[in-house]
Amino acid sequence: MERTLTMIKPDGVNRNLIGEVINRFEKAGLKVVGLKMLHLTKRQAEEFYAIHRGKPFFDELTTYMSSGPVIAMVLEGENAVAKTREIMGATDPKEAAPGTIRADLALSKGENTVHGSDSLENAAIEIAFFFSQSELLL
Ligand code: DAT
Ligand code: MG
């Protein structure tokens, strides 16, 4: 069993896609074991995406991620990290496989509706960024 951190980004929350996105993960057998809505500050977005600091899209990314509320969610299941990334699709919706969240719902490479941890190691770091132990199912 793995746990991974996912977010529904501001474009998804704004367009009433919270249920749609969660439904896709649950239908794939992933269990929601933690969930909250919050509005990140620019500084929090910069900390969360610190790995991308210095890249040309960093300011655009962190401004966007702090532009409105997000849903942060911990999903649990077999191969949860890879499974979540598969259900999300490629970063750029134009390159995402048909039937994935990003192919079906994302607006652009920046406003791409969902985040998912890219490794088990980063999942642990990202889960701890948003959740304390008492906020997660045992
Ligand atoms: P992913 O979210 O698929 O893991 P990533 O970690 O490479 O993608 O980048 C994080 C986010 O940054 C991505 O979801 C959207 C944004 N981003 C990445 N590359 C971009 C680019 N070339 N132009 C604009 N935004 C970009
Ligand atoms: Mg990434």
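Some notes on this structure:
- Matching residues in the range 108-124 - criterion: being closer than 23 Å to residue 60 by Cβ and either more than 11 Å from ligand 1 (Cβ to nearest atom) or basic (Lys, Arg) (or both): 109
- Test set (1) over 19 Å from residue 100 (Cβ atoms); (2) more than 14 Å from the chain's Cα centre (by Cα) - residue 79 fails condition number: (1)
- Considering the range 44-127, the qualifying helices (runs of 4 or more DSSP H), each wholly inside and each with 1 or more residues that are under 18 Å from residue 22 (Cα atoms) and open to solvent by less than 30 Å² (accessible area, probe 1.4 Å), run over 80-88, 101-105.
- Subset of the range 91-138 that is β-branched (Val, Ile, Thr) and more than 12 Å from the chain's Cα centre (by Cα) - its residue that is farthest from residue 65 (Cα to Cα): 100
- Count of residues meeting criterion [in contact with a helix residue (DSSP H, G or I) (Cβ under 9 Å, 6 or more places away or on another chain) and within 13 Å of ligand 1 (Cβ to nearest atom)] in the range 67-85: 3
- Residues located in the range 9-33, provided they are part of a helix (DSSP H, G or I), open to solvent by less than 20 Å² (accessible area, probe 1.4 Å) and not aliphatic (A, V, I, L, M): 10, 11, 12, 25
- Meets criteria (under 21 Å from residue 47 (Cα atoms), among the aliphatic types (A, V, I, L, M), touching a residue at least 12 places away in the same chain (Cβ under 8 Å) and more than 16 Å from ligand 2 (Cβ to nearest atom)) for residue 114: no
The values are calculated or read from the model by the stated rules, or taken from the named source; none is laboratory data. Bear in mind that the values here come from a model prediction, so they are computed numbers and not experimental data. When we count neighbours, we look across all protein chains shown, and the Cβ atoms used for this are built from the backbone with ideal geometry, even at glycine. To get the accessible areas, we keep the full protein, side chains included, count just its heavy atoms, and leave off ligands, DNA and RNA. Shrake-Rupley method; radii C 1.70, N 1.55, O 1.52, S 1.80 Å.
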